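K.L.:
Here it is, the structure in full.
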Amino acid sequence: MNGKRILLVVGGGIAAYKSCELIRLIRKAGGSVRCVLTAGGSQFVTPMTLAALSEQPVHTSLWDLKDEVEMGHIQLSREADLVVVCPATADLMAKMAAGIADDLATTLLLATDKPVLAAPAMNVRMWRHDATVRNVARLRSDGVTILDPDEGEMACGEFGPGRLPEPEAILRAIETRLSVRAEPVEALSLSVPGEEKSGPSTGSGRTGGLIGKHVIVTAGPTHEPIDPVRVIANRSSGKQGFAIAEALAALGARVTLVAGPVALASPAGVERIDVETAREMDAAVEAALPADAAVLVAAVADWRVIPSPAKLKKAEGAPRLDWLANPDILAGLARSPLRPSLLVGFAAETGDVVNVAQAKRATKGCDWIVANDVSGDVMGGDRNRVHLITAAGVESWEEGEKSEVARQLADRIAAALGGRDANGPAAPDSAGEAR
Ligand code: CTP
């Protein structure tokens with residue numbers, strides 16, 4: 001690590017003991033560590049242990065006159081090359097997201113002008129709580145690198161994501177964040193809360209290629225009411241769209257996930273807006289603009305009816321439904337003055353998949369279409385085989401888990417928004433043709 005200086009904030013959780021091993025690994029790799037211990041952290045490890053391992057003074061209080069005279073807290077936060085929060089508790093991340101500075105750790109996190117990396121560790125329910133999901137999304141969009149926790153049995157006896165990643169994985173992430181090593185980070189899990197991790201890794205690593213970018217994703221079906229108890233629906237499970245939202249967030253994007261009615265937990269680090277109807281989805285997408293990219297995966301109902309305010313009764317005979325066209329969200333976005341620079345549609349087809357999708361790309365005015373054949377059990381299933389249709393032509397991807405398809409697509413989006421993809425929006429002829 002070539003003498004890089006790490007300011008390590010040790011939060012208050014049982015995983016605090018692993019920060020001791022992290023100090024050892026950082027120093028072995030050639031870096032130096034100065035520790036800040038929160039009041040909670042000091043319930044699990046002592047300042048003496050951290051001082052002995054780091055061979056540097058340990059800072060615990062904002063109000064320590066001696067410390068403040070020797071090195072003020074502002075300076076402490078700025079003389080490091082990277083600030084690492086490990087373990088990052090739910091409470092610490094909530095304060096970071098809100099900009100609260102009520103102790104030494106949170107004050108220097110607010111005062112720092114250096115990159116920040118956080119390794120969360122907490123109970124699975126705390127990790128999945130909407131408040132934590134919101135805070136993680138906010139911090140990622142603020143540019144903080146948040147590692148995904150490991151999944152497994154926890155100290156509290158429960159099972160799921162929430163365990164601190166192994167110190168070796170945290171060290172690799174630190175090295176990547178400091179860009180002192182060419183290889184990307186592996187071993188950072190990408191799990192949808194409530195679902196098993198699946199699919200092989202692309203090996204491409206989560207290197208934060210979408211930090212600072214905002215991406216809107218739509219997912220799931222829409223429900224169009226017929227009367228107070230009945231709806232027009234479709235078989236979309238939302239799994240592919242949720243996996244894409246998660247993969248984009250894992251690359252550092254601020255993701256707004258507009259979800260139709262689905263039975264899926266929110267992916268970590270994603271801001272989710274639940275809607276029922278196509279018109280609600282349209283309004284939520286519009287409200288989420290501007291965005292750098294939009295990936296419209298939802299199976300939006302093309303038609304709605306004027307719902308009956310009272311339940312339709314069998315005795316009244318077969319109901320007459322008067323159909324009205326729903327807004328086409330994708331086509332509307334393509335025409336919008338706030339059109340995201342990369343617009344990706346999906347086409348679920350049963351016939352001549354590629355040709356139909358190519359035509360759809362042109363009529364909808366999007367840059368890319370991801371086409372798939374839904375004549376099998378793709379809808380609701382965990383696997384998918386897709387074709388990516390761009391201005392440059394058709395790429396047929398290997399069949400894979402939906403999470404794997406999502407990772408590939410997220411990598412392509414990151415490359416395109418970074419201007420490194422000739423098939424992306426950076427190429428003026430492709431975008432022009434798409435519109
Ligand atoms: N889409 C949309 N709004 C709609 C319908 C579709 O945003 N009212 C988006 C979907 O999210 C998807 C793309 O358009 O990204 C293609 O959806 P699809 O249902 O295949 O297109 P349709 O125009 O409805 O064509 P079809 O006649 O095949 O149903």
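The values are calculated or read from the model by the stated rules, or taken from the named source; none is laboratory data. None of the values given here were measured: they were computed from a predicted structure. Positions of Cβ are generated from backbone atoms using ideal geometry, with glycine treated the same way; all protein chains shown enter the neighbour counts.
K.L.:
If you scan segment 336-358, which residues turn out to be more than 10 Å from the ligand (Cβ to nearest atom) and either surrounded by 12 or more Cβ atoms within 10 Å (Cβ to Cβ) or over 29 Å from the mean Cα position of the chain (by Cα) (or both)?
P.N.:
Restricting attention to segment 336-358, the residues satisfying the condition of being more than 10 Å from the ligand (Cβ to nearest atom) are 336-342, 352-355, 358.
Selection gives Ser336, Arg339, Pro340, Ser341, Leu342, Asp352, Val353, Val354, Asn355, Gln358.
K.L.:
Examine segment 322-331 for a residue that is more than 16 Å from the ligand (Cβ to nearest atom), under 13 Å from Pro225 (Cβ atoms), touching a residue at least 12 places away in the same chain (Cβ under 8 Å) and among the polar types (S, T, N, Q), and state whether such a residue exists.
P.N.:
Within segment 322-331, the subset more than 16 Å from the ligand (Cβ to nearest atom) is 322.
Next cut, under 13 Å from Pro225 (Cβ atoms) only: none.
No, every residue in segment 322-331 fails to be more than 16 Å from the ligand (Cβ to nearest atom), under 13 Å from Pro225 (Cβ atoms), touching a residue at least 12 places away in the same chain (Cβ under 8 Å) and among the polar types (S, T, N, Q).
K.L.:
With (1) surrounded by fewer than 21 Cβ atoms within 10 Å (Cβ to Cβ); (2) touching a His at 6+ places or on another chain (Cβ under 9 Å) as the list, and Leu108 as the residue in question, which single condition is left unmet?
P.N.:
Of (1) surrounded by fewer than 21 Cβ atoms within 10 Å (Cβ to Cβ); (2) touching a His at 6+ places or on another chain (Cβ under 9 Å), only one is false for Leu108: (1).
K.L.:
Out of the strands (runs of 3 or more DSSP E) lying entirely within segment 229-319, which hold 2 or more residues that are under 17 Å from Leu409 (Cα atoms) and of a type outside the set (D, E, K, R)?
P.N.:
Filter on segment 229-319 gives 254-259, 293-296.
Here's the yes/no breakdown for (1) surrounded by 23 or more Cβ atoms within 10 Å (Cβ to Cβ); (2) closer than 22 Å to Asp113 by Cα; (3) basic (Lys, Arg):
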site: Gly12; (1), (2), (3): no, no, no
site: Leu22; (1), (2), (3): yes, no, no
site: Leu25; (1), (2), (3): no, no, no
site: Ala29; (1), (2), (3): no, no, no
site: Val36; (1), (2), (3): yes, yes, no
site: Trp63; (1), (2), (3): no, yes, no
site: Gly72; (1), (2), (3): no, yes, no
site: Leu76; (1), (2), (3): no, yes, no
site: Val83; (1), (2), (3): yes, yes, no
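Conditions (1) among the aromatic types (Phe, Trp, Tyr); (2) assigned to a strand (DSSP E or B); (3) within 29 Å of Ala131 (Cβ to Cβ), marked per residue:
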site: Gly3; (1), (2), (3): no, no, no
site: Leu7; (1), (2), (3): no, yes, yes
site: Ala16; (1), (2), (3): no, no, yes
site: Cys20; (1), (2), (3): no, no, no
site: Arg34; (1), (2), (3): no, yes, no
site: Leu53; (1), (2), (3): no, no, no
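K.L.:
Same structure, new question: Test Ser308 against the stated conditions and say whether it is among the polar types (S, T, N, Q), over 30 Å from Ile211 (Cβ atoms) and at pLDDT below 95. Steps first, answer last, please.
P.N.:
Values: among the polar types (S, T, N, Q): yes; over 30 Å from Ile211 (Cβ atoms): yes; at pLDDT below 95: yes.
Answer is yes for this residue.
K.L.:
Which number in (1) surrounded by 15 or more Cβ atoms within 10 Å (Cβ to Cβ); (2) within 10 Å of the ligand (Cβ to nearest atom) marks the one condition that Pro307 misses?
P.N.:
Unmet for Pro307, out of (1) surrounded by 15 or more Cβ atoms within 10 Å (Cβ to Cβ); (2) within 10 Å of the ligand (Cβ to nearest atom): (2).
K.L.:
Follow-up. Could you give me the residue pairs with C-beta distances under 8 Å whose first residue belongs to segment 343-369 and is among the hydroxyl-bearing types (Ser, Thr, Tyr), whose second residue is within 11 Å of the ligand (Cβ to nearest atom) and modelled with pLDDT under 95 wherever it lies, and which are 6+ apart or on separate chains?
P.N.:
Short answer, once both residue conditions are applied: Thr350/Val374.
K.L.:
Are any residues in segment 360-404 of a type in the set (A, V, I, L, M) and near the ligand (Cβ under 10 Å from one of its atoms), and if so, which ones?
P.N.:
The first filter runs over segment 360-404 and keeps only residues of a type in the set (A, V, I, L, M), leaving 362, 369-371, 374, 378-379, 386, 388-389, 391-392, 394.
Correct list: Ile369, Val370, Ala371, Val374.
K.L.:
Between a first residue in segment 287-303 that is among the β-branched types (Val, Ile, Thr) and a second residue that is within 7 Å of the ligand (Cβ to nearest atom), which pairs have beta carbons less than 7 Å apart while being 6 or more apart in sequence or on different chains?
P.N.:
Val297/Thr218; Val297/Phe346; Val300/Ala278; Val300/Asn326; Val300/Ile329
K.L.:
Right, next: Going by what's in this entry, would Ala105 be described as within 22 Å of Ala173 (Cβ to Cβ), assigned to a loop (DSSP other than H, G, I, E, B), hydrophobic (A, V, I, L, M, F, W, C) and more than 21 Å from the chain's Cα centre (by Cα)?
P.N.:
no
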